[in-house]
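J.: Can you read through this structure? Questions will come right after.
Readers should treat all values here as calculations from the given coordinates under stated rules, not as data from a laboratory. Please read these numbers as outputs of a predicted model, since none were measured by experiment. Reconstructed Cβ throughout: ideal geometry from the backbone, glycine too, with neighbour counts over all protein chains shown.
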Ligand code: TYD
């Protein structure tokens with residue numbers, strides 16, 4: 001599974017906390033887009049897609065949520081519970097986000113601009129895509 005937890009250093013002092021994510025240190029790719037998800041109600045699940053070329057790092061900068069990851073062979077669930085950790089998700093990885101706490105803010109750092117043609121939004125199509133690719 002092309003995923004990895006990234007641990008950010010927390011610069012905490014009497015004034016509060018600061019976390020930095022820098023290219024070549026914590027970040028494995030140049031960030032070209034940032035978006036964030038918040039105000040997710042109760043049992044809502046989001047995501048349900050994989051990317052052909054996009055790399056991402058997800059950070060729950062407030063609250064918590066869970067990320068289901070699926071590479072077509074195995075599945076794993078990663079809880080995101082701290083602003084000091086990021087989840088790198090590589091290409092060809094199906095993801096679903098769920099169990100958002102009410103206060104959750106999930107930030108996504110992405111390696112490219114938004115491009116709908118980079119999405120695979122159907123799970124059967126995802127499995128077919130992997131099959132073709134691995135022929
Ligand atoms: P969507 O892909 O459904 O979000 P999720 O992956 O959480 O299920 O995106 C919701 C809407 O936001 C959809 O209309 C596309 C739009 N959008 C952008 O305009 N730019 C972006 O960078 C992203 C990620 C989504």
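J.: Restricting attention to region 54-67, does a residue exist that is surrounded by 12 or more Cβ atoms within 10 Å (Cβ to Cβ), part of a loop (DSSP other than H, G, I, E, B) and touching a helix residue (DSSP H, G or I) at 6+ places or on another chain (Cβ under 9 Å)?
T.: Yes; the residues of region 54-67 include at least one that is surrounded by 12 or more Cβ atoms within 10 Å (Cβ to Cβ), part of a loop (DSSP other than H, G, I, E, B) and touching a helix residue (DSSP H, G or I) at 6+ places or on another chain (Cβ under 9 Å).
J.: Further question on the same structure: So residue 1 ticks every box in (1) closer than 29 Å to residue 130 by Cα; (2) more than 16 Å from the ligand (Cβ to nearest atom); (3) assigned to a strand (DSSP E or B) but one. Which box is left unticked?
T.: (3)
J.: Counting only residues that are touching a strand residue (DSSP E or B) at 6+ places or on another chain (Cβ under 8 Å) and part of a strand (DSSP E or B), which one in region 7-31 is nearest to the ligand (Cβ to nearest atom)?
T.: 27
J.: Turning to a different aspect of this structure: Let me confirm something: among 34, 40, which residue is within 12 Å of the ligand (Cβ to nearest atom) and within 18 Å of residue 103 (Cα to Cα)?
T.: 40 is the lone residue from the list that is within 12 Å of the ligand (Cβ to nearest atom) and within 18 Å of residue 103 (Cα to Cα).
J.: Take the conditions over 23 Å from residue 131 (Cα atoms), within 15 Å of the chain's Cα centre (by Cα), surrounded by fewer than 19 Cβ atoms within 10 Å (Cβ to Cβ) and away from the ligand (no atom under 11 Å from the Cβ) and apply them to residue 99. Does it pass?
T.: It is true that residue 99 is over 23 Å from residue 131 (Cα atoms), within 15 Å of the chain's Cα centre (by Cα), surrounded by fewer than 19 Cβ atoms within 10 Å (Cβ to Cβ) and away from the ligand (no atom under 11 Å from the Cβ).
J.: Does residue 131 satisfy the criteria of being within 12 Å of the ligand (Cβ to nearest atom) and farther than 25 Å from residue 24 by Cα?
T.: no
J.: Still on this model: Here's a check for you: in region 43-53, which residue that is within 11 Å of the ligand (Cβ to nearest atom) and in a loop (DSSP other than H, G, I, E, B) is surrounded by the fewest Cβ atoms within 10 Å (Cβ to Cβ)?
T.: Restricting to residues being within 11 Å of the ligand (Cβ to nearest atom) and in a loop (DSSP other than H, G, I, E, B), the top hit is 44.
J.: Can you tell me which residue is surrounded by the most Cβ atoms within 10 Å (Cβ to Cβ) among those in region 108-122 that are away from the ligand (no atom under 11 Å from the Cβ) and not in a strand (DSSP E or B)?
T.: Top of the filtered list is 111.
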